[in-house]
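A short worksheet on the structure shown next.
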């Protein structure tokens, strides 16, 4: 499982899973907070749909945190003002970076959580597509007759 998949499952999935994984590490290891959760602004990059040139759309408010477990760093960042979740993400990231034995058992749960997130996205997409309006030009309408 890639780091991006793990992060997506933890951020978009059920917050209870993230909290439980964090608590599991806190019970067994000493977690040092190197940079307490704090708000930051990050520039959002996108591509122009016509010229395909990158541009910055604007700023996004994020909360970020850096921790250390056994001298290995963990980093957590997510959109919005969620200090506790940024800390929890940092702890879980630190556990993966340190290759702690507890992380081996997490992959199954994270894969199931990723599937739940994907299903949620499919339902939202399906709902949006039901309300989609198809605009035909008069020329296209007449050509079909």
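Applying the condition of being over 17 Å from the mean Cα position of the chain (by Cα) and either buried (at least 18 other Cβ atoms within 10 Å of the Cβ) or in contact (Cβ under 8 Å) with a residue 60 or more places away in the chain (or both) to region 99-108 and asking which residue is farthest from residue 28 (Cα to Cα) yields 103. Based on this model, can you work out whether residue 4 counts as surrounded by fewer than 12 Cβ atoms within 10 Å (Cβ to Cβ) and either within 22 Å of residue 102 (Cα to Cα) or touching a residue at least 24 places away in the same chain (Cβ under 8 Å) (or both)? Taking the combined requirement at face value, the residue satisfies it.
Note on region 28-87: enclosed strands (runs of 3 or more DSSP E) holding 1 or more residues that are free of Cβ contacts under 8 Å to residues at least 12 places away in the same chain are 31-47, 54-69.
Residue-level check: of (1) free of Cβ contacts under 8 Å to residues at least 12 places away in the same chain; (2) more than 16 Å from the chain's Cα centre (by Cα); (3) under 23 Å from residue 121 (Cα atoms), residue 16 misses just (2). Kindly establish whether residue 125 is modelled with pLDDT of 75 or more and closer than 21 Å to residue 22 by Cα. No.
Quick check on residue 111: is it within 19 Å of the chain's Cα centre (by Cα), within 22 Å of residue 16 (Cα to Cα), surrounded by 12 or more Cβ atoms within 10 Å (Cβ to Cβ) and at pLDDT below 95? Against the criterion (within 19 Å of the chain's Cα centre (by Cα), within 22 Å of residue 16 (Cα to Cα), surrounded by 12 or more Cβ atoms within 10 Å (Cβ to Cβ) and at pLDDT below 95), residue 111 qualifies. With respect to the conditions (1) within 19 Å of residue 5 (Cβ to Cβ); (2) over 14 Å from the mean Cα position of the chain (by Cα); (3) at pLDDT below 95, residue 94 falls short on a single one, namely (3).
Every residue, every condition in (1) touching a strand residue (DSSP E or B) at 6+ places or on another chain (Cβ under 7 Å); (2) modelled with pLDDT of 90 or more; (3) more than 25 Å from residue 120 (Cα to Cα), yes or no:
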{"residue": "10", "(1), (2), (3)": "no, yes, no"}
{"residue": "23", "(1), (2), (3)": "no, yes, yes"}
{"residue": "27", "(1), (2), (3)": "no, yes, yes"}
{"residue": "33", "(1), (2), (3)": "yes, yes, yes"}
{"residue": "38", "(1), (2), (3)": "yes, yes, yes"}
{"residue": "43", "(1), (2), (3)": "yes, yes, yes"}
{"residue": "78", "(1), (2), (3)": "yes, yes, no"}
{"residue": "85", "(1), (2), (3)": "yes, yes, no"}
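Put simply, of 140, 104 the only residue that is at pLDDT below 95, under 22 Å from residue 3 (Cβ atoms) and either touching a helix residue (DSSP H, G or I) at 6+ places or on another chain (Cβ under 7 Å) or assigned to a helix (DSSP H, G or I) (or both) is 104.
The values are calculated or read from the model by the stated rules, or taken from the named source; none is laboratory data. These figures come from a predicted structure and were not determined experimentally. All Cβ positions, even for glycine, are placed from backbone atoms using ideal geometry, and neighbour counts span all protein chains on display.
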